[in-house]
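Visitor: Before I ask anything, here is the structure I am working with.
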Amino acid sequence: MSETVDQARRALIESPADLLVDRVAAVLAGSYGVTGTELFQVDYRLSALLPLHDGEPVTSPGHPAWRCFDHQAPIVAEQVGYLPVSMRGERRGVLRVTPVPDDPAALAGLAEIATALAHELAAVSAGTDVYRTARRSRRLTLAAEMQWELLPGRSRTRPAFRLAGQLEPAYAVRGDSFDWADDGDRLWLSTINGSGEGIEAAMLTTLATHALRNARRAGLSLADQAALADQAVYDVHRGSQHLAALLMQLELRTGVLTVVDAGSPRLVLLRDGEVTEQPLEEQFPLGMFEATDYREQHLELRRGDRLFVVSDGVIDATGQNLRYGETALDRFLRRTGRMEPLDAVRSLIGDLRAFVAGDLVDDAVVVCLDWTGPQP
């Protein structure tokens, strides 16, 4: 069994970037008698699983492919196997194989191969458009293309934390964004509530994000990261454009959360089933004034705490002349306690789409962070 897995891994490593699934299919056909192999990638809206080759999208929530994606476990239905294509918590989609061998060991091997495929998809994504093109159900706006390319991913898992984020409207988002990075001891998370329209908004967010990354990678404190990004935006726009941001740094061993609120999105804590908005010292948005000094706040998380960051596009979403508002948001967040972060984010965005009866008009960003506590 391990020989087949090793063979599949070698085939993936040696494969041209655009032929990963074809090379895996050849290995599975020779070792397991699999006659059909297809990769279904989750689309930008988190609402459809789209085939890489010919075939129909999977949109029904009860479909075995969605159950595999949601539960992150192999699913077998009528001799068809569905395997999660995920790596380090980043869910890329589902690998469908048919017929699936009637052997638990073979199914475990197939699951390993699907994980190896996820790693290789991440490795080749910068050099080919094949997989990006296949995971969109319609054309992205240019601003949205820029925003999605800017993201570090859509979900992330380590023993000490779980994390996920989503942009809406997915195919036409303009200025809202998020970014994260960790080094095993600390997690940095920034959420931007952008301003402006179209390309102008996307360029402003891109400038701020790269300035924050530059400062973070230079080892600056969170307050100094905000100050550097603030100055970068001001130097270009002289105060005519600015944007709100929430910067956070989480000590993974202690749960101490350092926060800089630069006119930020809303920070909400879900603890023991209760939702509370965290009081933050609101400071000037990035780029509003020259040489702004930012101050840090410190919060202490408990093991099992969940944080949501939501932009005003969530609170202000309007349907039938009614505003979604804080009350509906708090009520919905309370119901997400047992969901994985990506499922919680997807459910909230889905609730918003149902409320407005379609895609949101204004940009919205939702980020969910669980601190699971220090690990051995």
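The values are calculated or read from the model by the stated rules, or taken from the named source; none is laboratory data. Note that the structure is predicted; figures quoted are calculated from it, not measured. Note: ideal-geometry Cβ built from the backbone for every residue, glycine included; neighbour counts use all protein chains shown.
Visitor: For the range 331-342: of the residues being out of contact with any Ser or Thr (no Cβ under 9 Å at 6 or more places or on another chain) and of a type outside the set (Lys, Arg), which is surrounded by the fewest Cβ atoms within 10 Å (Cβ to Cβ)? Before you say what the answer is, go through the steps one by one.
Guide: From the range 331-342, those out of contact with any Ser or Thr (no Cβ under 9 Å at 6 or more places or on another chain) are 331, 333-334, 337-338; that's our starting set.
Still in the running and of a type outside the set (Lys, Arg): 333, 337.
Values: 333: 21, 337: 15.
So, considering only residues that are out of contact with any Ser or Thr (no Cβ under 9 Å at 6 or more places or on another chain) and of a type outside the set (Lys, Arg), the one surrounded by the fewest Cβ atoms within 10 Å (Cβ to Cβ) is 337.
Visitor: Still on this structure, I have one more. With respect to residue 106, is the statement that it is in a helix (DSSP H, G or I), small (Gly, Ala, Ser), touching a residue at least 40 places away in the same chain (Cβ under 8 Å) and in the same structural domain as residue 65 (by TED's automatic domain parsing) true? It would help to see each step written out before you state the result.
Guide: On the way: in a helix (DSSP H, G or I): yes; small (Gly, Ala, Ser): yes; touching a residue at least 40 places away in the same chain (Cβ under 8 Å): yes; in the same structural domain as residue 65 (by TED's automatic domain parsing): yes.
Answer is yes for this residue.
Visitor: Sticking with this structure for a sec: Going through the range 134-186 one residue at a time, which ones are of a type in the set (Asp, Glu) and either in contact with a Pro (Cβ under 6 Å, 6 or more places away or on another chain) or part of a strand (DSSP E or B) (or both)?
Guide: If we filter the range 134-186 for residues that are of a type in the set (Asp, Glu), which is where we start, we get 145, 149, 168, 176, 179, 182-183, 185.
Correct list: 168, 179, 182.
Visitor: Please give the number of the condition residue 65 fails out of (1) closer than 19 Å to residue 350 by Cα; (2) at pLDDT below 95; (3) among the small types (Gly, Ala, Ser); (4) surrounded by 14 or more Cβ atoms within 10 Å (Cβ to Cβ).
Guide: The failed condition is (2).
Visitor: Looking at the range 77-95, I want the residues that are touching a residue at least 40 places away in the same chain (Cβ under 8 Å) and have a partner that is aromatic (Phe, Trp, Tyr) with Cβ atoms under 6 Å, at least 6 apart or on another chain. Which pairs are those?
Guide: 93/40; 94/40; 94/69; 94/82
Visitor: Check 260, 268, 256 and return the single one that is surrounded by fewer than 17 Cβ atoms within 10 Å (Cβ to Cβ), touching a residue at least 24 places away in the same chain (Cβ under 8 Å) and either closer than 19 Å to residue 306 by Cβ or touching a Phe, Trp or Tyr at 6+ places or on another chain (Cβ under 9 Å) (or both).
Guide: Answer to the check: 256.
Visitor: Being in contact with a strand residue (DSSP E or B) (Cβ under 8 Å, 6 or more places away or on another chain) and of a type in the set (A, V, I, L, M, F, W, C) is the filter here; which residues of the range 120-143 pass it? Steps first, answer last, please.
Guide: Restricting attention to the range 120-143, the residues satisfying the condition of being in contact with a strand residue (DSSP E or B) (Cβ under 8 Å, 6 or more places away or on another chain) are 121-122, 131, 134-137.
Matches in the range 120-143: 121, 122, 134.
Visitor: If a residue must be of a type outside the set (A, V, I, L, M) and surrounded by fewer than 17 Cβ atoms within 10 Å (Cβ to Cβ), how many such residues does the range 207-230 contain?
Guide: Taking the range 207-230 first, the residues of a type outside the set (A, V, I, L, M) are 209-210, 213-214, 216-217, 219, 221, 224-225, 230.
Subsequent filtering for residues that are surrounded by fewer than 17 Cβ atoms within 10 Å (Cβ to Cβ) retains 210, 214, 217, 219, 221.
Number satisfying all stated conditions: 5.
Visitor: Sticking with this structure for a sec: Within the range 339-354, take every residue that is hydrophobic (A, V, I, L, M, F, W, C) and assigned to a helix (DSSP H, G or I) and give me the one that is farthest from the chain's Cα centre (by Cα).
Guide: As a first pass, look at the range 339-354 and keep what is hydrophobic (A, V, I, L, M, F, W, C): 339, 342, 344-345, 348-349, 352, 354.
Remaining after also requiring assigned to a helix (DSSP H, G or I): 342, 344-345, 348-349, 352, 354.
Working: 342: 7, 344: 11, 345: 9, 348: 14, 349: 13, 352: 17, 354: 21 Å.
Looking at residues that are hydrophobic (A, V, I, L, M, F, W, C) and assigned to a helix (DSSP H, G or I), I get 354.
Visitor: If a residue has to be among the charged types (D, E, K, R), assigned to a strand (DSSP E or B) and within 17 Å of the chain's Cα centre (by Cα) to count, how many in the range 61-101 make the cut?
Guide: Let us first name the residues in the range 61-101 that are among the charged types (D, E, K, R), namely 67, 70, 78, 88, 90-92, 96.
Within this subset, residues satisfying the condition of being assigned to a strand (DSSP E or B) are 90-92, 96.
Checking which are within 17 Å of the chain's Cα centre (by Cα) leaves us with 90-92.
So the answer is 3.
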